[in-house]
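S.K.: Shown below is the structure under consideration.
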Amino acid sequence: MYSFMNDYNEGAHPKVLKKLEETNLLQLDGYGEDVYCRDAAQLIKGAAGSKNAAVHFIPGGTQTNLIAVSAFLRPHEAVISAQTGHVEVHETGAIEATGHKIITVDTPDGKLDAKLVQPTLDFHSNEHMVKPRMVYISNTTEVGTHYTKTELEELSSFCRSKGLLLYLDGARLGSALTVDGCTLSIKDIAQLTDAFYIGGTKTGALLGEALVIMNDALKSDFRFMIKQRGGMLAKGRVLGLQFLALFEDGLYFELAAHANETADILRKGIAKLGFKFASDSVSNQLFPIFPAELCDKLRKRFDFMQGPPGKRNGDRKDGDIVGDA
């Protein structure tokens, strides 16, 4: 049985496990203040091209998003997200539980731009409504598309002109940065966003995300917020060690590129058989449109996620596979 359920259904890359094993009996400071977390943070700062970036290691993506939103926004401020955004669809109301509203925008490809965001700003015009303050994007998006450098530059410029924070969910950032023809880099993202995170869970780590805060106004007391929201591991070394393994020799990008390449084999093969896709994904996320009877046959040999029909694409039929995991 082969599984295509998600990109985190195995444990961790052997190099990650080896580093954890080699350092297992060393006695280190806790709560992310050990030498390995510091070294991993330095590598990420180098990739971001900024000595002043604040790097925090947090166990999971939902925790990272809710801690960031609750720390960055005042009580009356809201998040703008694509209707497919992870904070809207797959986080069980975690953002709303922090007291912040998510304002969703319909988008055909999972991406936001100035034209899509502006109507939300126009509508929320006074103190009787929440105030849009943060634009939340994912790269890659929940439907497998990715932002080009030009698109991110334009969105960043717009956000800054409107006084909006730009926050990038990088659960699959490695996949986005290793797409064929991509000219976007971590350094570019650091320059164009107020904060972003680098996903480890879906790119070779057992668990963990690296939140990178670029905007100085957002850095103060952030460790207090991590602790209060339950995201601070006593054995924080576990997170730092994994990112050290992923970034010290380029393993992070090697694994992401491999995932994209193997997905492309499937993409081309499925297309050759005449099947269409629910989105124009260029990443390791594939959303083929299969009839229900074919899905039943495939389940005898493969595990995969199957979404409800008729939700995202007018061409879809019963048995279509959709969604983000």
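The values are calculated or read from the model by the stated rules, or taken from the named source; none is laboratory data. All of these numbers come straight from a predicted model, not from anything done at the bench. All Cβ positions, even for glycine, are placed from backbone atoms using ideal geometry, and neighbour counts span all protein chains on display. Side chains are part of the model used for accessible areas, which takes the heavy atoms of the whole protein and leaves out ligands, DNA and RNA. Shrake-Rupley method; radii C 1.70, N 1.55, O 1.52, S 1.80 Å.
Residue by residue, here is whether (1) open to solvent by less than 30 Å² (accessible area, probe 1.4 Å); (2) at pLDDT below 95 holds:
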| site | (1), (2) |
| --- | --- |
| L246 | yes, no |
| F253 | no, no |
| R267 | no, no |
| F275 | no, no |
| A278 | yes, yes |
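S.K.: Could you check, for segment 124-132, whether at least one of its residues is within 19 Å of I189 (Cα to Cα) and assigned to a loop (DSSP other than H, G, I, E, B)?
M.R.: no
S.K.: Quick check, is G181 over 21 Å from H56 (Cα atoms) and either within 17 Å of the chain's Cα centre (by Cα) or in a loop (DSSP other than H, G, I, E, B) (or both)?
M.R.: yes
S.K.: Please verify whether segment 171-190 includes one or more residues that are under 30 Å from L25 (Cα atoms) and without any contact (Cβ under 8 Å) to a residue 60 or more places away in the chain.
M.R.: No, there is no match, as no residue in segment 171-190 is under 30 Å from L25 (Cα atoms) and without any contact (Cβ under 8 Å) to a residue 60 or more places away in the chain.
S.K.: State all residues of segment 24-47 that are buried (at least 17 other Cβ atoms within 10 Å of the Cβ) and in contact with a helix residue (DSSP H, G or I) (Cβ under 8 Å, 6 or more places away or on another chain); if no residue qualifies, say none.
M.R.: Result: G32, D34, Y36, C37, A40, A41, L43, I44, A47.
S.K.: Look through segment 223-238, keep the residues that are over 12 Å from A68 (Cα atoms) and assigned to a loop (DSSP other than H, G, I, E, B), and return whichever of them is most open to solvent (accessible area, probe 1.4 Å).
M.R.: If we take residues in segment 223-238 being over 12 Å from A68 (Cα atoms) and assigned to a loop (DSSP other than H, G, I, E, B), then K235 is most open to solvent (accessible area, probe 1.4 Å).
S.K.: I've got another one for you. Report yes if E293 is of a type outside the set (A, V, I, L, M, F, W, C), at pLDDT below 95, assigned to a helix (DSSP H, G or I) and open to solvent by 40 Å² or more (accessible area, probe 1.4 Å), otherwise no.
M.R.: yes
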